[in-house]
1. Need the failing condition index for N333 against (1) within 30 Å of P183 (Cα to Cα); (2) modelled with pLDDT under 85; (3) not charged (D, E, K, R), just the number.
2. Mind checking whether some residue in the range 223-245 is closer than 25 Å to P777 by Cα and aromatic (F, W, Y)?
3. Here is a list: V972, V998. Which entry is over 30 Å from I1064 (Cα atoms) and not hydroxyl-bearing (S, T, Y)?
4. I want to confirm something. Restricting to the range 853-876 and keeping residues that are touching a helix residue (DSSP H, G or I) at 6+ places or on another chain (Cβ under 8 Å) and among the hydrophobic types (A, V, I, L, M, F, W, C), which single residue is nearest to G935 (Cα to Cα)?
5. Are there any pairs with C-beta distances below 7 angstrom linking a residue in the range 873-898 that is more than 20 Å from N166 (Cα to Cα) and in a strand (DSSP E or B) to a residue that is charged (D, E, K, R) and open to solvent by 90 Å² or more (accessible area, probe 1.4 Å), with the two at least 6 apart or on different chains, and if so which?
6. Within the range 378-397, does at least one residue satisfy the condition of being under 30 Å from K503 (Cα atoms), assigned to a loop (DSSP other than H, G, I, E, B) and at pLDDT below 85?
Amino acid sequence: PSIHPSIRPSIHPSCFYIPIKYLNFNIGSKQLYIIPVFHVDFSYAWRTTEWSECRVDALLSQQDRRRGNQTGLCGGGVQSREVYCIQANAELLSYIYSNKDKQASKPVDVQLCKGTTPSTTQLCHIPCPVECEVSLWGAWGPCTFENCNERIVKKGFKFRRRTITNYPTGGEGNCPHLVEAIPCDDPSCFSWQLVKLEECIPEEDMDCGEGTQTPQVRCVNSQGTEVEKEMCAEEVYPSSVACVVPCPKDCALSLWTEWSTCSQTCSSKTAEGKQMRTRAILAYNAGEGGSSCPNTSALQEVRNCNEHPCIVYHWQTGPWGQCVEDTTTSTLNSSSSAEKSTCTVGVQTRKVICIKVNVGQVPPKKCPEAPRPESVRPCLLPCKRDCIVTPFSEWTECPTSCETGANGQKNKQFRYRMIIQMSANGGQECPDVLYEEKDCATPSVCPGYRWKTHKWRKCQLVPWSIRRDSKGAQENCGAGVQTRAISCRQLDGTVADVVQCLKFASSMPVMSQPCQLLCRDDCQLSNWSKFSPCTSDCVGVRTRRRALVGKSKKKDKCKNGQMYPLSETQYCPCDKYNAQPVGNWSDCILPEGRVESAVVMKVQGDVKECGQGYRYQAMVCYDQDNKLVETSRCNSHGYIEEACIVPCPSDCKLSEWSNWSRCSKSCGSGVKVRSKWLREKPYNGGRPCPKLDHLNQVNVYEVVPCVSDCSQYIWVAEPWSVWKVSNVDLKENCGEGVQTRRVRCMLNTVDGPSDAVEDYLCDPEEMPQGTRENRLPCPEDCVLSDWSPWTQCDLPCSGKRDRERTAFALRLPKEGEDCPVSMQTEPCLLNRNCFHYSYNITDWSTCQLSANAVCGIGLKTRMLDCVRSDGKSVDLKYCEELRLEKKWQMNASCTVECPVNCLLSDWSAWSDCSQTCGLEGKMWRRRTVVEASQGDGRPCPSQMEQWKPCPVRPCYRWQYGPWSECRVEEVVCGVGLRFRNLSCFVSDGSGDGKSSIVEEELCARLEQAVDGDQNIILEETCTLPCPGDCYLMEWSDWSPCQSVCVKGQRLDFTPVQVRSRAVIAQEPENIAQCPDQEWQTRPCSIGECYEYQWMGSPQLIWCQRSDAINVTGGCPPVLLPGTDQSCDPPCDKPQTFCSEEGVCMCKEGYTEVLTAEGMLEQCTPIPVLEIPTAVDKKSDVKTSRAINPTLPTTEQPGRVGRTWYLQPFGPDGKLKTWVYGVAAGVFVLLVFIVSMIYLACKKPKKPQRRQNNNRLKPLTLAYDGDADM
């Protein structure tokens, strides 16, 4: 049942309810549906579009970019896809609440999806087409009928054929024609083929003279295959051949050689085919009674061959057309299932024409019909595929403020959709619009708002009892608070809601401020007047005044101009500003291109990473007083912009491939090599070169095996020359002699040897003899034919079998004489004349890619070689004749790693400024590695983040001014007051302490606090010490944070900071009444560990901290220099120590008093007058003006030690009595020293070594916070 709208679940932004089952109840006349539901939270998931087409050009290096425009690139490539985020539950909702098919969900903000983002790129492979390879043309066949089964037309053809050695992609249709035909006369389907001629048999039972040779023939068809002899019944049987058996006194001739190769493949008016055969004179006639030898011309015969005209025809095919629907099978397809209705069987056609070689197209009847290729074939129609897109995303939000966008343009909002699947094969096309943009809706009048401040109200007293949260008497004067009203106004002055000002106006002004409610005895003054006008900018001063009011005019204390100044003067303001650069130049930043669509697929190489960019340097603006002001005062947008260049990476560049070398062997298996060499090394992060060789040069080699046909080049020997007899018998013309012949290496073809080539291409071991020595038979001697070839040895070669060769008598000798032996034998010896054969497999070639491929799947090959037992490569036929097993795979697929460049993400948005104000603020943006480089791809750049300076903004802060002098009314000493102001200061934020006071309005937006302390103290009690009183110095700065460490390791104690202040006594008599030096501690975090070490010599010893600061305390007493030395006699006098030289010395601050023998008697203190001075800023203890030592403190002072100050003058300015006593003591001491020197010179026998102890200067010590100071 359908769901009533009133009970249909509503969608909540964070969850929804899914009805699972409907329970139907009938209650009376009403039907009730109970719908159980359960709660499901919204979830988001990543989705991806389909992978784009595989692109090879994205992997091309800079050197190969020119190949990017080529079609047919194949091999390894890269493909990409887009990743987007969807609301995963939306798919379920769409299924539940819609009867339509499930559709793609619309994309949402990618920030909503968590987890790992799916990869956007991957390697892919485009299969490379296999090129067709064909063999060489075979020999022309006999003249035969076009169709031997139908011999109606008396038209014949000679055919020659070639075969496919490497089948191409797409079938035989991509190969060149395989058959050529020549028209001929007198065709026949079968013919007699001569095998050999029998021996010449003389007539009438004669032993010599004229005779006949019977031919030995067989019946063959047009392909040369032997058939039954009955098939040749209609053909003329070859007749016997006339011959001559020479008598003993006749001239003896050799047999005719084989007919040579025809000189032409066809005949024309200018060229006719010829064949030749020859014979030689083996023995001359006797002169009388015998037949004489023929002349030279009779030893050679020539005949015509290939007399057919040079008219060659063949069929030529065009490419197959597109697959179209076959109307003859439409009925069958219409009855098929709906799922397969879009994939039907069609037909393809192609053009087939008859070609006459060197002429062109001719009528089809000129070509033989039998080998005509097909022009129609069935095919499978590709299935249609519709485009799938997501719905549009929601419109992006518009800014809530009325401000315009960048460069004054209107703010935009956009939406987009993604292509999940591209259309193909005639399916529904994808829409053109994937990205839509529109202006944000703005109100007709964009109002402006401002804050309006009203007058300050009267100062309201805040009683001390309220501030202290305790009961007390009601005060009628003192510190108070005054407030003022603040309202929101439009630009035209009309009142507006405060919310509008909070949204669109600047920060709200302060509503309250501290004030002082004057007491009865306080001085009352009028408000300050306005400053007097200035004559011109940057010249002169201006003044403002105020006056005493009421009874204050008569009070003497109010007339004190220092405490209550009635006028104030300052320099006239100057509006001269000075702009200057500050800081370093930023990184070189490339301009950011606008992304037109959110669905653009980013592929390697599409993103510009080099070229002209800009770098920035911050500008700072100062006024005439060298105070930092806003950069807008200097008419600057805050930057200096300068063009810069990001260098483009240059890949390693190699030469083109060299030509393949010749096969390393002319017979059997060898290798072919080609190479590249380095032309230019990479720089700026380009693709690296392959490995360098020992000469630091790149050499890329490709090696493939090759097999040379051992019968490709053969030795061809011409007939032997006429005998040249050395012992000439002029009557008989016989005896010992020499014959010569020409031997050449020639290229062997199907039609026989053709062209002469270099001799090194033929096997030198098989080269026939060029000369031979023998005996020319005399008349009536036996004449033998040449030796037949040796018979083959039976395998295996054991040496127990023989091989033989024979000859036969061409001319019998006269009666009574015999012919020499006509058979020779020799044993079959291994590797001499008998050989074993075996296959040898070559090494794999390097991985070979298609010419249009860069990387990916290739093919490696290896070859078989037939090797003789002596290691020599021979023709494969020797191994094939033995039918040896071939158990090896000759081809295997291989992979060349693709050079994938490093793929980076887009730059992130610029971060917020690292500082809200000052000179050193920086903004950063970063990118990450999406996919690391692979193979020889371009490596990732080192710069993964960029920075640029922030616009300089002045740093404003509230800061106390210096304390005034302690003012005590009506008396000259005692308890008084001192004051200070709270002012607005500006600085550049660099931390060097330089700041300048500016107008308080510039700090109006800041909370009134000093260093985070909101308790503002502008006055405090102080003490002017009376004559003879003790007083304390001001607290020093806090020392650096220090931990309690042992051997460099922190202990589990809280780190502390320490400060101290010294006690100053104006009268020495009052020292005992003064307190000790005070110190305070406070906890801190991350304290430093320091090491302490005694430094100096026995005359000058101090303790030094590891940061090179001299401190008091910290060094262990047991390691004090001199404590581990032994003196004789021991140093048992007070304030003495044993020096490194083993001499008793006085400690610092004391001088030695010696006996008459030069021995140390005692140590006397040295009077030192120390005037308190300011301590160096680097020390841990600083002194400042005195404050009241009697004020209570909440911190516990630690007792550190006592400091004594000797005052030589009394209050009346006269020297005190003890000074005269000290002077007299010094005089006596000098007399004593002179006496000792005299005695030492008079008695040199007992020299007492004495260390010269100079007057020690007082050592300024730094306090380091140790409790043992």
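1. (1)
2. No: the range 223-245 contains no residue that is closer than 25 Å to P777 by Cα and aromatic (F, W, Y).
3. Details: V972 fails: over 30 Å from I1064 (Cα atoms).
Answer to the check: V998.
4. Taking the candidates together, the pick is C855.
5. S873/K665
6. In the first step, residues of the range 378-397 are kept if they are under 30 Å from K503 (Cα atoms); the result is 393-397.
From the residues that got through so far, the ones that are assigned to a loop (DSSP other than H, G, I, E, B) too are 393-397.
Going one step further and asking which of them are at pLDDT below 85, we end up with 397.
Yes, the conditions are met somewhere in the range 378-397.
So that you can scan it fast, the table gives a plain yes or no per residue for (1) part of a loop (DSSP other than H, G, I, E, B); (2) exposed (fewer than 11 other Cβ atoms within 10 Å of the Cβ); (3) modelled with pLDDT of 85 or more:
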| residue | (1), (2), (3) |
| --- | --- |
| R544 | no, no, yes |
| S552 | no, no, no |
| M563 | yes, no, no |
| Q570 | no, yes, no |
| R594 | yes, yes, no |
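For every residue, the table says whether it meets (1) open to solvent by 40 Å² or more (accessible area, probe 1.4 Å); (2) closer than 30 Å to S636 by Cβ; (3) not hydroxyl-bearing (S, T, Y).
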{"position": "Q959", "(1), (2), (3)": "yes, yes, yes"}
{"position": "E965", "(1), (2), (3)": "yes, no, yes"}
{"position": "V968", "(1), (2), (3)": "no, no, yes"}
{"position": "G976", "(1), (2), (3)": "no, no, yes"}
{"position": "G989", "(1), (2), (3)": "no, yes, yes"}
{"position": "A1009", "(1), (2), (3)": "no, no, yes"}
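The values are calculated or read from the model by the stated rules, or taken from the named source; none is laboratory data. Predicted model only: the values in this text are computed from it and were never measured. Glycine also receives a Cβ, built like all others from the backbone with ideal geometry; neighbour counts cover every protein chain displayed. We work out accessible area using only protein heavy atoms, side chains counted, and drop any ligands, DNA or RNA first. Shrake-Rupley method; radii C 1.70, N 1.55, O 1.52, S 1.80 Å.
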